[in-house]
Amino acid sequence: MIGNELTSAGIDIEWGKALDTIRAVGGCSLGRACEQRGIELMDAHRAIADARATARLLFATREFYSVACRPATARPLQVTPLRVLAREGHVEVLPPAPYLSALARGVHTSIDVAPYVQLLDVAIADLQLTTDERKALQDLASGLGLDAQAVARAHREFMSGLIDAALEDQVVTDTEYDQLFRAAALLDVDLDLVQSRIDPYRAMTDEMTLAPGLTVCFTGQGELNGALVDRPSQERMAQQHGLIVVKSVTRKGPDLLVAADRDSRSGKARKARQSGIAVCSFSDFALALKSGEPVRVSRIASHGVPVVCVGCGSSWMAPRAAVGALCADCSRTVLLERRPAATKRVPAAGGSLSVVVLVCNGCGVQWERTRGRGRRPTHCPDCVAQE
C-alpha cells in the first residue's frame with residue numbers, strides 16, 4: 001500500500017532489508033506489544049499514531065535484531081497531480097485536473113525537492129499563486145531545508161518538465177504557449193528559458209522580397225565567405241540596395257531583423273520574435289541582395305507577455321510587461337475602496353484641475369488623467385501607443 005502511494009507521488013522505492021518488529025514481539029498485535037513494554041499508544045489505528053508507536057517499539061526491542069538492516073532508497077519517477085487530498089478527519093476530492101496539470105504528469109524532479117514540486121504542481125494548476133499558497137510553499141521549503149537557490153532550481157526543473165511534456169508531439173499550441181509563459185512568470189523563471197525551447201516549434205518560415213524602402217535592423221556580426229562583417233559594413237550593404245536602416249526593434253518595426261543566424265538569442269532577436277517581426281540570417285540576407293531573390297525568414301506569431309497580479313496572484317497575457325499590475329477584479333476592488341477619494345484637486349495656475357485615477361483594462365497599470373468631458377478611456381497611453 002505504501003509503495004503504491006509513493007509511486008503515485010512520483011517516487012520509486014527500493015525497500016532494502018528491514019527490521020521485523022512483529023517477529024521481535026512474537027507476532028502479537030501492536031497494541032499488546034506496546035502495553036507489555038510500557039509504550040503509550042494513543043489513537044490506535046491512526047497512521048501517525050501507529051507509526052510513532054512502532055518507532056518506539058523498534059528501540060525497545062533492539063536486542064532482538066542480530067542482522068544489520070539496509071535502509072530503503074528512493075528515486076524520482078514522475079510527479080503527478082494530486083486530485084484527492086486526505087487530511088486528519090476529512091477527505092477533499094478536487095475537480096479534474098486542468099490543462100497545466102496534464103502537462104505536469106511528465107515532470108521529473110530530484111528526490112530532495114519532490115515534496116515541494118508536488119505541492120507546487122497542485123498550487124499552480126489554476127495558473128494563480130495566492131498569498132496563502134506562496135506561504136505554504138515557503139513553509140514547506142523551509143521544512144525541507146531548501147534555500148533560495150534550491151527553490152529556484154526546483155522551479156526551473158518544473159518548468160523544464162512542463163516544456164518537455166508540451167514538446168512531445170513536436171507542436172506548441174497557442175494554449176500551451178499561453179500557459180507555459182504564465183507559469184514561468186508565476187515562478188520567476190527567466191522567460192527566455194521557455195522562449196528558447198519552444199520558438200523552433202512555433203516559427204513559420206516564409207520569404208521576403210528585399211525591395212527598396214524596406215526597413216531593416218542588424219544584430220551581431222555577420223560572416224561572408226569566411227570573413228566577419230561588422231555592423232557599419234552590413235548597414236552600408238543594405239543602404240546601397242535602397243533599404244532603410246533603423247537602430248532598434250520596437251513592436252511596430254522594422255520589417256526585417258538581420259542576425260548572425262536565425263536562432264540568435266540577442267536582445268533585439270528576442271524582442272523581434274515577441275513582436276512577430278521577420279528574422280533572417282546575415283548569410284541569407286547577403287545572398288538575397290546579390291541574387292535579387294527573396295530571402296528566407298522566420299516569423300513567430302506574437303501573443304504578448306505574461307503579467308502577474310500583485311493583489312491575488314492571478315496571471316494573464318498582456319500586450320506589454322507591467323510592474324505592479326492588478327487584474328480586473330483587484331482593480332475593481334481597489335477603485336471601489338478608493339471611490340470617495342478617486343478624484344482629487346490639483347492646484348494650477350489660475351485655479352484648480354480635477355484629476356481622476358484610472359486603471360488600464362489591458363495591462364492593469366494605474367494612471368492619472370485630468371477629468372474631462374466624454375467617456376473615460378479604458379486603456380493607458382502606453383497600451384494605446386502599442387496598439
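So the values come out like this:
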read-out: Karplus 3J(HN,Hα) series, Hz, for the range 171-176 with 6.51 cos²θ - 1.76 cosθ + 1.60 (x for Gly, Pro); value: 9, 10, 7, 4, 5, 5
read-out: Residues of the range 129-271: accessible area per residue with a 1.4 Å probe, Å²; value: 52 Å²
read-out: Net charge over other residues, Cβ less than 9 angstrom from the Cβ of Ser275 (K, R count +1; D, E count -1); value: +4
read-out: Within straight-line cross-link reach of Lys247, lysines at Cα separation under 21 Å, skipping those fewer than 8 residues along the same chain; value: Lys268, Lys271
read-out: Carbon plus sulfur fraction of accessible area for the range 156-236, probe 1.4 Å, in percent; value: 47 percent
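The values are calculated or read from the model by the stated rules, or taken from the named source; none is laboratory data. From a predicted model like this one, the values you see are computed outputs, not experimental measurements. Using ideal geometry, Cβ is built from the backbone for each residue, glycine included, and neighbour counts are taken over all protein chains shown. Just so you know, the surface numbers come from the protein's heavy atoms only, side chains and all, with ligands and any DNA or RNA stripped out. Shrake-Rupley method; radii C 1.70, N 1.55, O 1.52, S 1.80 Å.
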